[in-house]
Amino acid sequence: GLSVAYYPGGAHLGYYGDVSFVGLSIEDGCTGLYFTAGPGSTNDILCQTITGNSVNMGAVAFTAGLTMRASAFGITTPFLRAGAGVLSFSQSTLDMSALVINNGLPELLSVVVDNSPNHLSPAITFGAGVRMAASPGYGVRLEIADLIARFQRLEGPVNTLGQGPVGSRYYHHLTAYIGLDIVLEKKRGRRY
């Protein structure tokens, strides 16, 4: 990702903007209450195939907020950050399907169909870290943050069209950052 921080006049309180890739995944689960054709039917096999599948969901977080540092000029400087923004992700959090071999041929079957997928979520983040000076103008930053975002989820059984009751819930995602800081300072020259 890319993060920019601005401390007006070398102050302890500053502003930051951040764009970062967040590795998220969804684990699917399927429980069949009743299979009309019994165990070994296409629906039973579909449900077994889906259960435990993990789907990678690439996401990009755009956040901005406030950052507070302990010292402006220390070699090691702890800091806190709090911000808000938006999380953009590539997959529907509702859609669920699997590839099943049916009569010797692969067939993509759906359990949940999301006709209007949502790919954006409001997000808030809280982080704490430390910045260590490496050389004049450069530093290393280590940070742990909690990214909180809202995702849609299924809240009951689906009908034969793959539609069911939908709600949403906020989830926590712990993130770790290791970064190289480039320090740009505005200094006035001296007159002699």
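Structure values in brief
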quantity: Scan of segment 133-151 for residues that are out of contact with any Pro (no Cβ under 8 Å at 6 or more places or on another chain) and either loosely packed, with under 15 Cβ neighbours inside 10 Å or of a type in the set (Lys, Arg) (or both), ordered by number; calculated: Ala134, Ser135, Pro136, Gly137, Tyr138, Val140, Arg141, Leu142, Ile144, Asp146
quantity: Residue tally, condition more than 18 Å from Tyr6 (Cα to Cα) and either over 27 Å from the mean Cα position of the chain (by Cα) or β-branched (Val, Ile, Thr) (or both), over segment 77-118; calculated: 15
quantity: Residue within segment 64-73 that is under 30 Å from Ala134 (Cβ atoms), polar (S, T, N, Q), in contact (Cβ under 8 Å) with a residue 40 or more places away in the chain and surrounded by 15 or more Cβ atoms within 10 Å (Cβ to Cβ) present; calculated: yes
quantity: Single residue of segment 74-90 satisfying the filter (surrounded by fewer than 14 Cβ atoms within 10 Å (Cβ to Cβ) and among the β-branched types (Val, Ile, Thr)) that is nearest to His119 (Cα to Cα); calculated: Val86
quantity: Number of positions in segment 158-184 that are of a type in the set (Gly, Ala, Ser), under 26 Å from Gly1 (Cα atoms) and touching a residue at least 40 places away in the same chain (Cβ under 8 Å); calculated: 1
quantity: Some residue of segment 170-178 being over 17 Å from Arg81 (Cβ atoms), modelled with pLDDT of 90 or more and under 23 Å from the mean Cα position of the chain (by Cα); calculated: yes
quantity: Residue under evaluation Val130, criteria (1) more than 19 Å from the chain's Cα centre (by Cα); (2) open to solvent by 50 Å² or more (accessible area, probe 1.4 Å); (3) at pLDDT 90 or above; (4) among the aliphatic types (A, V, I, L, M), criterion not met; calculated: (2)
quantity: Residue list for segment 75-94, restricted to those being part of a strand (DSSP E or B) and either free of Cβ contacts under 8 Å to residues at least 24 places away in the same chain or in contact with a Pro (Cβ under 9 Å, 6 or more places away or on another chain) (or both); calculated: Ala84, Gly85, Val86, Leu87
quantity: Any hit, segment 25-36, residues being out of contact with any Phe, Trp or Tyr (no Cβ under 8 Å at 6 or more places or on another chain) and closer than 30 Å to Val130 by Cβ; calculated: yes
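Let's see how each residue does on (1) open to solvent by less than 80 Å² (accessible area, probe 1.4 Å); (2) more than 15 Å from Ile26 (Cβ to Cβ):
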site: Ser116; (1), (2): no, yes
site: Leu120; (1), (2): no, yes
site: Arg153; (1), (2): no, no
site: Gln163; (1), (2): yes, yes
site: Leu174; (1), (2): no, yes
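The values are calculated or read from the model by the stated rules, or taken from the named source; none is laboratory data. Treat the numbers as computed from the prediction; the structure is a model and nothing was measured. FYI the Cβ positions are ideal-geometry reconstructions off the backbone, even for glycines, and counts take in every protein chain you see. To get the accessible areas, we keep the full protein, side chains included, count just its heavy atoms, and leave off ligands, DNA and RNA. Shrake-Rupley method; radii C 1.70, N 1.55, O 1.52, S 1.80 Å.
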